[in-house]
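The values are calculated or read from the model by the stated rules, or taken from the named source; none is laboratory data. This one's a predicted model, so the numbers in the text were calculated from it and none came from an experiment. Neighbour counts are summed over all protein chains in view; Cβ atoms, including those assigned to glycine, are modelled from backbone coordinates with ideal geometry. What goes into the accessible areas is simple: the full protein's heavy atoms, side chains included, and nothing from ligands, DNA or RNA. Shrake-Rupley method; radii C 1.70, N 1.55, O 1.52, S 1.80 Å.
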Amino acid sequence: MSIKSQSKILTRVCTVANGSGTIAAAAVDDVQVVCTEPPSRFAYVSNGGSNSVSAYTVDASTGALRAATTLSVPSPYALTVDPSGRFVYVSSTSGAGVSAYSIDRVTGDLTAIGALSVAAGGTSAGMAVDPTGRFAYFVNLAGDRVLAFDVDANTGALSPMAVSSVKTGGSPYGIAVDPTGRFAYVANTGDGTVSAYNLDATSGALSPMAIPTVTAGSGARDIAVDPSGRFAYVLNQGDMTVMAYGIDAVTGALTELKAKPPKTEGGPFSITVDPKGRFAYVANLDGHNVSAYTLNASTGVPTPAVTPTISTGNRPASVAIDASGKFAYVADNTDGKVSIYTIDAASGVLDPQAALTVNAGQAPNRIVLSR
């Protein structure tokens, strides 16, 4: 027995267990189909201070990073990897748009794709590719819009959709697409709201939901959706809280959970949910640490972990979790390094692996992992 065709959701790879063999006069009743996220193979860091993107290979056993090549990129800020692990997209703060790169599947090195960039109208803060890898979305921070692009399945090149943009709230920053590829959400720092959109499965076009915005906290900066697609978490930079929402399985509408939002430390900058949906992490620039939370599997409510904060290097900006949920990577903005941690499977607490710290470029902003 084998898988006839894989899911269109590229973050899932399905395998069959106990799918072969013969049992005389008895039915085979222990066949299992398991769909999981493929292991992380490469890591990429945008270095705003040195106009570069650093590439690394990931050791799946130890979590260690080994430096590959460093690519020159003008004023890089945000970056994202498509779910197939073939392409990387990097935004610029200098008006150079969004640059597209292909990933060498052996070394992890990056090569520019065709025309180096597409216009994005200033800084693209948040970036996301839908789970099928067909559509890409970039948040236009200054223009209060989300820009939408089709992704060429062969080359990774970007081209504007027929409906090329939608309006957001004030000063949008973070964006998340739910794991089924049906809904998208944008955190708006300027007015403390979340904009909610339906995602057309055929065209990729975004359209406001029946309830187009929900209230978040002061300075809603970043948003993450858990891997089950049932809950969303908004990081509010102004009041230093994490707000949690339930996601309606049919409409995608957000409903704030009835629980007191837990606090972060100073200068919260980004939020990440681990691939198993058990823990969430916030990088705190001014606290020089990461806040850790456990996520209730039934209710989605976040609560501070048994060790609620973990020290990092200077001004951590971004946290990435590998697909196995064993390792965490923190981009330390002032130090120009990536710190590596093991994750306690029961508590979610990060254990620093000081010997495994690696150099990045100057002022790293964001770290992402690729399959």
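Along region 176-181, what does the Karplus equation 6.51 cos²θ - 1.76 cosθ + 1.60 (θ = phi - 60°) give for ³J(HN,Hα), rounded to whole Hz, x for Gly and Pro?
Ordered by residue, 3J(HN,Hα) equals 9, 10, 5, x, 8, x Hz.
Of all accessible surface on the chain at a 1.4 Å probe, what whole percent is carbon and sulfur?
Result for the chain: 53 percent of the exposed heavy-atom area is carbon or sulfur.
As an exercise, take the mean of 1/r over every pair of distinct alpha carbons in region 89-202, invert it, and state the Kirkwood radius in angstroms.
14.4 Å
Can you tell me the relative contact order of the chain? Whole percent, Cα pairs under 8 Å, sequence separation 6 or more.
Relative contact order of the chain: 12 percent.
Round to a whole angstrom and tell me the spacing of the C-alpha centers of region 247-262 and region 142-184.
Result: 22 Å between the Cα centres.
Give me the Debye-computed log₁₀ of I(q)/I(0) at q = 0.15, 0.20, 0.21 Å⁻¹ for region 220-305, equal point scatterers on Cα only, no solvent, two decimals.
At q = 0.15, 0.20, 0.21 Å⁻¹ the computed log10 ratios are -0.47, -0.82, -0.91.
What nm distance separates the two modelled labels at Ala249 and Ser94, each placed 7 Å from Cα along Cα→Cβ?
4.9 nm
Taking N as the number of residues in the chain, what is its alpha-carbon radius of gyration divided by 2.2 N^0.38 Å? It would help to have the intermediate numbers written out before the result.
Numbers: Rg = 19.9 Å, N = 371, 2.2 N^0.38 = 20.8 Å.
The reported ratio for this selection is 0.95.
What is the extension gain from Asp200 to Asp344, computed as 0.36 nm multiplied by their sequence separation minus the C-alpha to C-alpha distance, in nm to one decimal?
48.0 nm
Reported to two decimal places, what Rg/Rh ratio describes region 69-113 when computed on Cα atoms with Rh from the Kirkwood expression?
Dividing the radius of gyration by the Kirkwood radius yields 0.96.
Report the trypsin sites (Lys or Arg not before Pro) located in region 203-262 that are in a DSSP loop and have at most 14 other Cβ atoms inside 10 Å of their Cβ, or state none. Before the final figure, lay out the partial values.
On the way: sites: Arg221, Arg230, Lys258; in loops: Arg230, Lys258.
Filter output for region 203-262: Lys258.
In Å², and per residue, what accessible area does the chain have when probed at 1.4 Å with the other protein chains present? Walk me through the numbers on the way to the answer.
Working: 15030 Å² over 371 residues.
I get 41 Å² per residue for the chain.
Would you mind checking which residues have amide H under 5 Å from Phe279's amide H? H placed 1.01 Å from N; only 5 or more apart, or other chain.
So Phe279 has HN proximity to Asp274, Leu295.
Name the most mobile residue of Thr213, Thr57, Thr299, meaning the one with the largest mean-square fluctuation, in a Gaussian network model of the chain with Cα contacts below 10 Å.
Evaluated over the chain, the most mobile residue of the options is Thr299.
Pop out the ³J(HN,Hα) list for region 70-82 in order, Karplus 6.51 cos²θ - 1.76 cosθ + 1.60 with θ = phi - 60°, rounded to Hz; leave Gly and Pro as x.
Ordered by residue, 3J(HN,Hα) equals 10, 9, 6, 9, x, 6, x, 10, 8, 8, 8, 10, 6 Hz.
From zero up to wherever the largest Cα-Cα distance of region 214-371 sits, split into 10 Å bins and tell me the percent of pairs in each.
Spelled out per bin, shortest first, that is 12, 43, 34, 10, 1.
Please find, in a Gaussian network model of the chain (springs between Cα atoms separated by less than 10 Å), the residue of Ala142, Ala280, Ala317 whose mean-square fluctuation is greatest.
With Cα springs under 10 Å in the chain, the top fluctuation among Ala142, Ala280, Ala317 is at Ala142.
Identify all aspartates and glutamates with a Cα-Cα distance to Lys260 below 18 Å; exclude those on the same chain that are fewer than 8 residues away in sequence.
Filter leaves Asp239.
Apply the Karplus parameterisation 6.51 cos²θ - 1.76 cosθ + 1.60, with θ equal to phi minus 60°, to every residue of region 250-267 and state each ³J(HN,Hα) to the nearest whole Hz, in sequence, with x for glycine and proline.
Per-residue couplings from phi come out as 9, 9, x, 4, 9, 10, 4, 6, 7, 8, 5, x, x, 8, 10, 9, x, x Hz.
Taking the Cα centre of the chain as origin, work out the dipole magnitude from +1 charges on Lys and Arg Cβ and -1 charges on Asp and Glu Cβ, in debye rounded to 20.
Taking the Cα centre of the chain as origin, the dipole is about 180 debye.
Taking the dipole about the Cα centre of region 255-313, with the C-beta of Lys and Arg at +1 and of Asp and Glu at -1, give me whichever of Ala305, Leu257, Thr272 is farthest to the positive side.
Projecting each Cα onto the dipole axis, the largest value belongs to Leu257.
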